[in-house]
Amino acid sequence: MAKVTIPIGPQHPALKEPACFTITLSGEQITEVDMRLGYNHRGVEKACEERTYLQDIYLLERVCGICSHAHSSAFVQAVEEIAALEVPKRGLYIRTIIGELERIHSHLLWLGVAGHEIGFDTLLMYSWRDREVVMELLARISGNRVNYAMNTFGGVRRDLTPDLCAEILAAVDILEERTKYYIGVVMEEVTLIQRLSGVGYLSHEDAVARGAVGPTGRASEIASDTRKDDPYAAYPYLDFHTVTDNHCDVYGRALVRVGELMQTYKILRQLVQELPDGPIVVKAPRKIPAGEALSRYEAPRGEDVYYVKANGTDKPERVKVRAPTLANLASVAKMMENNYLADVPIILAAIDPCFSCTDRMIETLNMDSRAGRLTDFRQLRQFSINWYKKRGLDFTALNKKLILKQDS
Amino acid sequence: MKKPGKMLSEVLKSLFKKPATLRYPYIKEKMPKNFRGLINFIQEKCIGCKICMRDCPANVINIIKIADKKFEAEFKNDQCLFCAQCVESCPRDTLEVTPEYELATLDRSSLKVRYHAKPDAETKTEPQVEIK
Ligand code: SF4
Ligand code: SF4
C-alpha cells in the first residue's frame, strides 16, 4: 500500500498546544512518527538570569499553569540547598499539602481531557465539576485558583488555620467518594475499556529504554516515583505506596492516575492530622552564595528536574528546567507505532502533555534540505522586516512615528 | 459488572439538580477573605523605601517622590500578576490585597492608576496631577 505522510499540528483541533507530528501512514495505520517541538519557546531560562531569585519564583511558577507549584517547589528546593536553608517542618508540610492538592486537580483534569478525546464528554463534565471542589479549596488557602504563589525561600508564604485544615479534610472526603465512583466507571464501563485497551502500547522494556516518567512509566510497571526514590519536603514522614499497573496501554495509564488519587487522599489526611506547630518560614538572604544544586520533584506528570547555579549575587547564573513531558515524548513515538490514526489524540493525551512547559529552544529548519539552523535575534528581526517589506508593508515610517510619540 | 451506561444513573440524577455553574455576571462568586486581587496603595503610610519596586517581578510599581517624605505610586495593573509579593515585602503595610477581580477592560491604559497624595495643609505642596 502506498505510504501517505500527513502533518498533525502545529495548529490542530485535536491538540491543545502547538506541536507538530509528521505521521507516515500505511492505510489507517501509523508506521512512522516524527516530532517537532519549540513552537512555544518563551525564553524562560534566560529570563531567570536577568531577574532576582525572588522574582524568578513567580516567573518559574508560570512555566506551567497546571503544575505551577511543582515548578516553583523544585526551584525553591534547589536554591534552599545552595543557601543551606533549613525549612521549618510546618513549612514543608504545607508545601506538600499544596503539592498534593495540585495533583488532585491535575489528575481530575486529565480524566476529563481523556474522556473528551475519546468522545466521552459526560466524563469530562462530571470530573471537571468535581475538580471545582479542590480548585475552590486552593483559592481559599492560597488566595488564587492557579499559580498559588505559596512558595518562598525557606518555607511557604501563608499559614493554614485550623478552619482551613477542617475544610481540607472535608473536601478530601467528598473527593474520595467521587474518585471511588470514577474508579468504578473506569473499571466497569465497557465502552471506555474497549476504547482504551491496547491503545498506545508501551512495553516495560521500551518504557525503561526511553526513560518514561510519572504515570506513563508507572503504567508500564516502572515503579519510579521521586516521592519515594528521593524523598523531599514532608514525604520522608509519610506512609503511601507507588501505584503501578501492568496494562502498559492508555487504559493502564487511566488506572494509575485514579489509583494515585486514592493515595493522595491518604497522604493529605496524614499531612493535615500530623501538621506540626511552629514557624512556616525562615528568613532567606537576598544574595545566594555561590554553588549549584539539582532538585527533583514528582509533578503530577512525572519527574520535574531543576538545575540552579548561583554565583554569589542576587541573580542566578543559570537555571535549567526539564519538564516531565520532555522525558515522555520519546515514548510517544513508540506508542503511536502500529496504532490507528484516530488514536493519535488519545495516545498523546495519555501522557498528559504540556508542550509549553517543555519547549526550551527554537530551531529553524531549512525548507529544502531540512537541515537545522540557528538564528540570533538580530537576524530574526531583519528577517521579519524583510518579510513584511516584500508584502508591501514597511514599518520604518511607523517606527519613526512611534518613537516621536514616545519622546513627546 | 461490566456493562455500558455506568454513568447513566448519575446523568439522570443531575436532571433534578441545580446547575453547577453560576449565571455570571448576574450572580457573582464571593471571593475568599485573603484573595489576591487588585493591589491597593495607602499613600499616607509609604516611606519611599522602594522595596516593593525592587521585588515586583513584573515592573508594575513606580514610587515617585513628590515632596519631602511624601510619595505617590503609579501602578501598571495591566502587567500585574497578583502574586502579592509587594504586599509581603513592604515594611509599612502600605500595600494591601483587595478582593477586586473584575478587571477586564477594552482600554488597556485605564489600568494604569496613580495614587495621588492629599494636598498638604501646612506645606501647601500641590500634588502633581498627571494621569494618562
Ligand atoms: S502583586 Fe506582584 S506583580 Fe502585582 S504589583 Fe505586587 S509584586 Fe508586582
Ligand atoms: S515597600 Fe511599602 S513603604 Fe516602601 S516604597 Fe513600597 S509601598 Fe512604600
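Express the C-alpha Rg of chain B as a ratio against the empirical globular expectation 2.2 N^0.38 Å, rounded to two decimals.
Here the answer is 1.62, to two decimals.
Give me the aspartates and glutamates in straight-line cross-link reach of A:Lys309: C-alpha distance below 20 Å, same-chain residues under 8 apart excluded.
A:Glu45, A:Glu49, A:Glu50, A:Asp56, A:Glu61, A:Glu80, A:Glu81, A:Glu86, A:Glu292, A:Glu317
Within chain B, what whole-number % of the accessible surface is contributed by carbon and sulfur, with the 1.4 Å probe and all protein chains included in the calculation?
57 percent
About its Cα centre, what dipole magnitude does segment B:38-131 give when the only charges are +1 on Lys and Arg Cβ and -1 on Asp and Glu Cβ, stated in debye to the nearest 20?
Computed about the Cα centre, the dipole is about 300 debye.
Looking at segment A:1-141, what % of the alpha carbon pairs are farther apart than 22 Å?
Value for segment A:1-141: 59 percent of Cα pairs lie more than 22 Å apart.
Accessible area drop of at least 50 Å² (1.4 Å probe, protein heavy atoms): which residues of segment A:145-159 qualify, relative to the chain alone?
A:Arg157, A:Arg158
What whole-number distance in Å separates the alpha-carbon centres of segment A:152-171 and segment B:3-28?
30 Å
Chains B and A: buried accessible surface, both sides, probe 1.4 Å, rounded to 100 Å²?
2600 Å²
May I ask you to list the aspartates and glutamates whose Cα is less than 13 Å away from that of A:Lys180, ignoring any residue fewer than eight positions away on the same chain?
A:Asp130, A:Glu188, A:Glu260
Using the beta-carbon distance between B:Lys69 and B:Thr105 and R0 = 35 Å, what value does 1/(1 + (r/R0)^6) give for FRET efficiency, to the nearest 0.05?
So, using R0 = 35 Å, E works out to roughly 0.55.
Please identify the DSSP H helices in chain A that span no less than 30 Å along the helix axis (Cα) and have a mean Kyte-Doolittle hydropathy of -0.5 or more.
A:89-117, A:121-142, A:162-188, A:250-273
Please work out the ratio of the alpha-carbon Rg of segment A:249-408 to 2.2 N^0.38 Å and round it to two decimals.
Cα-based Rg divided by the globular estimate yields 1.62.
Just the Kirkwood number for the protein assembly as shown, please: inverse of mean 1/r across all distinct Cα pairs, in Å, one decimal.
25.9 Å
Under a GNM of chain A (C-alpha, springs under 10 Å), which listed residue has the highest mean-square fluctuation: A:Ala47, A:Ala350, A:Ala223?
A:Ala47
Multiply the residue gap between A:Leu294 and A:Glu132 by 0.36 nm, knock off their C-alpha separation, and tell me the result in nm, one decimal place.
Once the chain is fully extended between A:Leu294 and A:Glu132, it gains 54.9 nm.
Output the pairs from A:Lys287/B:Lys112; A:Lys46/B:Lys30; A:Lys401/B:Lys118; A:Lys283/B:Lys45 with a Cα-Cα distance over 28 Å in this structure; if there are none, say none.
In this structure, A:Lys287/B:Lys112; A:Lys46/B:Lys30; A:Lys401/B:Lys118 exceed 28 Å between Cα atoms.
For A:Arg381 and A:Thr31, what is the calculated FRET efficiency with R₀ set at 56 Å and r taken between the beta-carbons, to the nearest 0.05?
The formula returns an efficiency of 0.85 here.
Comparing A:Ala233, A:Ala171, A:Ala397, which has the greatest mean-square fluctuation in the GNM of chain A with Cα pairs linked when under 10 Å apart?
Answer for the Gaussian network model of chain A: A:Ala397.
Roughly how many percent of the accessible protein surface of chain A is carbon and sulfur, given a 1.4 Å probe and a whole-percent answer?
The nonpolar share, carbon plus sulfur, comes to 54 percent.
Sort out for me the Cα centre separation of segment B:35-64 from segment A:217-270, rounded to whole Å.
The distance from the Cα centre of segment B:35-64 to that of segment A:217-270 comes to 42 Å.
Can you give the calculated 222 nm mean residue ellipticity of chain B, where each DSSP H run of n ≥ 4 adds -39,500 (n - 2.57) and the sum is split over every residue, rounded to the nearest 500 deg cm²/dmol?
The helix-only estimate for chain B comes to -3000 deg cm²/dmol at 222 nm.
Per residue, how much accessible area does the protein assembly as shown show when a 1.4 Å probe rolls over the protein heavy atoms, in square angstrom?
50 Å²
Add -39500 (n - 2.57) for each DSSP H run of 4 or more in chain A, then divide by its residues: what number comes out at 222 nm, to the nearest 500 deg cm²/dmol?
Helix contribution divided over all residues of chain A: -16000 deg cm²/dmol.
Give, in nm to one decimal, the length gained when the segment between B:Ser14 and B:Gln43 is fully stretched (0.36 nm per residue of separation minus the Cα-Cα distance).
5.3 nm
What order, most packed first, do the peptides A:70-79, B:98-107 have when packing is the mean number of other Cβ atoms within 10 Å of each residue?
In descending order of packing, they fall as A:70-79, B:98-107.
Would you mind checking segment A:168-196 for residues with the amide N under 15 Å from a putative spin-label position 7 Å along Cα→C-beta of A:His204?
Output list for this probe position: empty.
In segment A:44-327, how does Rg compare with the Kirkwood Rh, expressed as the Rg/Rh ratio over alpha carbon atoms?
0.98
Extension gain A:Asn338-A:Asp159, at 0.36 nm per residue separation less the Cα-Cα distance, in nm?
Length difference between fully extended and current span is 59.3 nm.
Using a Förster distance of 25 Å, how high is the FRET efficiency between A:Lys16 and A:Ala223, based on the Cβ-Cβ distance and rounded to 0.05?
Approximately 0.25, to the nearest 0.05.
The values are calculated or read from the model by the stated rules, or taken from the named source; none is laboratory data. As the structure is a computational prediction, the values presented were derived from the model and not from experiment. When we count neighbours, we look across all protein chains shown, and the Cβ atoms used for this are built from the backbone with ideal geometry, even at glycine. Please note that ligands, DNA and RNA were not included when accessible areas were found on the heavy atoms of the full protein model with its side chains. Shrake-Rupley method; radii C 1.70, N 1.55, O 1.52, S 1.80 Å.
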